[in-house]
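The values are calculated or read from the model by the stated rules, or taken from the named source; none is laboratory data. As the structure is a prediction and not an experimental result, all values here were calculated from the model. Quick reminder, even Gly has a Cβ in these numbers, built from the backbone with ideal geometry, and neighbours come from all protein chains shown. In case anyone asks, the SASA skips ligands and DNA or RNA and just uses the protein heavy atoms, side chains included. Shrake-Rupley method; radii C 1.70, N 1.55, O 1.52, S 1.80 Å.
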Amino acid sequence: MSALICGSMAYDTIMVFHDKFKHHILPEKVHILNVSFLVPVMRREYGGCAGNIAYNLQLLKEEPLIMATVGHDFEPYAQWLSQCGISTRYIKTLDDHYTGQAYITTDEDDNQITAFHPGAMNFSHLNDVPAAPEISIGIVSPDGKQGMQQHAAQFAELGIPFIFDPGQGMPMFDGEELLQFLELANYATFNDYESELMQQRTGLTLEQIAEKVDALIITLGGKGSNIYTQGQCIEIPPATPKQVLDPTGCGDAYRAGLLYGLMNDYDWDVTGRIASLLGAIKIEHNGTQNHVFSMAEFKQRYQETFGSTF
């Protein structure tokens, strides 16, 4: 069976400024800001929530199906997905647009200035969730607003269970729209900041939100995660990374772990630990799709981390 992953595809251009922004941005002059940074170090990575989730799920030997809209410049990314064994059959190319682009400049204090061009992502509603028998589960991750709403409704209409994962797309929706997602979704996942925003916009407590879905998953960074299900809160311990190089994409890796656990009918204690470990492994590597492992290596690391097997 397969997981349909609805969300963004993007190129991440990451530049390193060998100084500190605060030395060049004068607070009293921000109203006439005009600065330029020399960035001798630059790398281009494959990213986007859908691409990152799919990459991690494929490492766990499941079949991810990406559903996204991309631009005329997508060919290098398509070749990378093919190399990784990830299908592109539900990716739609729009010749008049660019693939989503993130331009990130980081200084020596790890401060970041980011510009994001959504490009073809704004037209995600041009894709429809297919009525394909091999699709057993889905996820609605950050994407174009109309597309996210449309895909959630289509998953529900087709009877395909799905995770609602608004991520950085949450500010696009008001309280009523967020409640509609909860009525349609089977599962919902937020980080701790997003969970606070969700509570503010809907007027519901975490416990009330959890009552609307089969499970509510809240990630807490280095403190692990909490899974609210069937009137209880399951505390998932963090998996400690061997080194912290780049947290970008950690949440996407975690969500791939959730999909893997659900596809294999693991209980939430195990599913949460798989997701936690996958996020920790991602943190140990620069970029969002540069870590590799075999299932044997992953299971060994799981046993070393949690003292049990799955």
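Expressed as a whole percent, how much of the Cα-Cα distance distribution for the stretch 1-102 exceeds 18 Å? Above the 18 Å cut-off, the stretch 1-102 has 56 percent of its Cα pairs.
Roughly what % of Cα-Cα distances in the stretch 148-200 sit above 19 Å, to the whole percent? Walk me through the intermediate numbers first.
Details: 274 of 1378 pairs.
Here the tail beyond 19 Å accounts for 20 percent of pairs.
Within the straight-line cut-off of under 13 Å between alpha carbons, the aspartates and glutamates reachable from Lys282 are Asp246, Asp252, sequence neighbours fewer than 8 places apart in one chain being disregarded.
Send over the per residue convex hull volume for the chain, Cα only, as a whole number of Å³.
Cα-based convex hull of the chain, divided per residue, equals 146 Å³.
For Ala132 and Thr309 in one chain, what is 0.36 nm times their gap in residues minus the Cα-Cα distance, to one decimal in nm?
Details: separation 177, 0.36 × 177 = 63.72 nm, distance 3.30 nm.
My answer for the length gained is 60.4 nm.
Only the Cβ atoms of Lys and Arg (+1) and of Asp and Glu (-1) were treated as charged; on that basis the dipole of the chain about its Cα centre amounts to roughly 540 debye. At a probe radius of 1.4 angstrom, the accessible area of the chain per residue rounds to 46 square angstrom.
The long axis of helix 175-184 is offset from the longest Cα principal axis of the chain by roughly 40 degrees. Averaged over residues, the count of other Cβ atoms within 10 Å places the peptides 8-16, 59-67, 235-243 in the sequence 8-16, 59-67, 235-243, highest first. Rg and Dmax, both from the Cα atoms of the stretch 118-239 and both in Å, are 14.5, 42.
Here the chain has 48 percent of its accessible surface on carbon and sulfur atoms, given a 1.4 Å probe and all protein chains in place. Under conditions of 37 °C and 0.692 mPa s, the stretch 152-310 yields 203 µm² s⁻¹ as its translational diffusion coefficient, taking Rh as the Kirkwood radius over Cα pairs in the Stokes-Einstein equation. Listed by chain and number, the aspartates and glutamates whose alpha-carbon sits under 16 Å from that of Lys29, ignoring those within fewer than 8 places in the same chain, form an empty set. Rounded to the nearest 500, what is the chain's calculated 222 nm mean residue ellipticity when only DSSP H runs of at least 4 contribute -39500 (n - 2.57) each, over all residues? That comes out to -10500 deg cm²/dmol.
Hey, how much of the P(r) for the stretch 89-165 falls beyond 17 Å, as a percent of Cα pairs? Looking at the stretch 89-165, the distances longer than 17 Å represent 56 percent of pairs. Percent of Cα pairs in the stretch 198-248 per distance bin of 5 Å, from zero to the largest separation: 5, 19, 22, 20, 15, 10, 8, 3. A simple count of charges around Ile86, restricted to other residues whose Cβ falls under 13 Å of its Cβ and scoring Lys, Arg +1 and Asp, Glu -1, yields 0. From largest to smallest, the equivalent ellipsoid semi-axes obtained for the stretch 256-295 from the alpha-carbon gyration tensor read 21, 10, 8 Å.
When the Cα atoms of the stretch 117-162 are aligned to their principal axes, the ranges along those axes come out at 34, 14, 13 Å in descending order. Do any of Lys145/Lys212; Lys92/Lys145; Lys20/Lys242 go past 24 Å between their Cα atoms, and which? Distance filter (> 24 Å) returns Lys20/Lys242.
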